[in-house]
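Report on the following structure.
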Amino acid sequence: MFVAGFPAGPLAANCYLLAADEGEACVIVDPGQDAEELIEQALRQYRLTPVAVLLTHGHLDHVFSVTPVCDGHDVPAWIHPEDRALLSDPARGFGVDAADFFGGKLALREPNEVRELGDGQQLEIAGLSFTVDHTPGHTGGSVCFRTGAEEGGRLLLSGDTLFAGSIGRTDLPGGDSGKIMESLRAKVLPLPDDTVVLPGHGSPTTIGRERAGNPFLTGLTGGGAPAFPTRGL
C-alpha cells in the first residue's frame, strides 16, 4: 500500500492519499484548508488518480477543500450523515468565534456528489478495502477508517478521535466526552497493538503505544483520564 500525507492549514490538519501503489487510483482523506494545491502536487508527483474523498468528520480544518477537490476531479465525498450538515454550515461545528481561523465569514457548499457512511460499512475503493467505524465523541458523525492486511500492515485513519498521546477534544458543538471514551473503548483499543494510527493532527503512532502510554486512556484501564484535550478542532 502507498500512503502520502501532509499537514495543511493554520491548525495543521493531516491530509492523506492512499493507493495500492504509485501510478494507481487513490483516495484522499480529509482535504482541509490550504490542502488543494498540495494534493495536486502529490497527484502529479506520484502519478495518482483520485476516485473518492473520505472524511473522518465535518470540522472545517478537515473539509475546507473538499468541494473544489471533489468537483475538480468529479469524485464523490463520503461522510457520516450526522456531520453532513457541516459541509455547508461549518459554523455549526466550531462556533462563530472560530471563524477568524479561516478568514472570517464563510460561505461553503457540499460537493456535487455526497455519499453517506454507516457503522461497519465496507468500502472497496481504489483497489483498497476500508472498514468504517462510527466513533462519535469529537463530533456526532466522527468515524475511523480501518484498512491494510490482517497479517501486518494494518492502518487506522483515526481523524480527531485518537492522537499520539492525546484524544479528540469534546468541548465544541456536538462533542461528548462520554461518547468519545466509549468509542475508544469499544472500537479503537480492541485493535491489534501493531496497528499504525494515522491521526488527524500530529505524528503517526500505534495502538500498542497508545494503549501503554496515552494518559487520556488510563480511565479505560482503571485510572482516571483528563477531561478535555485541546488539539485540533
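Structural remarks
- Matching option when the condition is closer than 17 Å to I125 by Cβ, aliphatic (A, V, I, L, M) and part of a helix (DSSP H, G or I), among L17, L43: L43
- Residues located in the stretch 18-60, provided they are farther than 20 Å from T135 by Cβ, hydroxyl-bearing (S, T, Y) and surrounded by 24 or more Cβ atoms within 10 Å (Cβ to Cβ): none
- Hits in the stretch 133-168 (condition: free of Cβ contacts under 8 Å to residues at least 24 places away in the same chain and part of a strand (DSSP E or B)): none
- Listed conditions (1) buried (at least 20 other Cβ atoms within 10 Å of the Cβ); (2) over 21 Å from I79 (Cβ atoms) are all met by L189, apart from (1).
- Filter result for the condition that a residue is assigned to a helix (DSSP H, G or I), modelled with pLDDT of 95 or more and loosely packed, with under 13 Cβ neighbours inside 10 Å, over G118, G178: G178
- The set of residues in the stretch 192-219 that are touching a Pro at 6+ places or on another chain (Cβ under 9 Å), outside any helix (DSSP H, G or I) and open to solvent by less than 10 Å² (accessible area, probe 1.4 Å) comprises V197, H201, T205.
- Filter result for P136 (under 16 Å from G120 (Cβ atoms) and open to solvent by 10 Å² or more (accessible area, probe 1.4 Å)): yes
- Residues that are open to solvent by less than 40 Å² (accessible area, probe 1.4 Å), over 13 Å from S142 (Cα atoms), part of a helix (DSSP H, G or I) and not polar (S, T, N, Q) within the stretch 61-84 comprise D61, V66, V69, C70, listed in sequence order.
The values are calculated or read from the model by the stated rules, or taken from the named source; none is laboratory data. Model, not experiment: these values are computed from the prediction. Neighbour counts are summed over all protein chains in view; Cβ atoms, including those assigned to glycine, are modelled from backbone coordinates with ideal geometry. When the accessible area is computed, the model is the full protein with side chains, heavy atoms only, and any ligands, DNA or RNA have been set aside. Shrake-Rupley method; radii C 1.70, N 1.55, O 1.52, S 1.80 Å.
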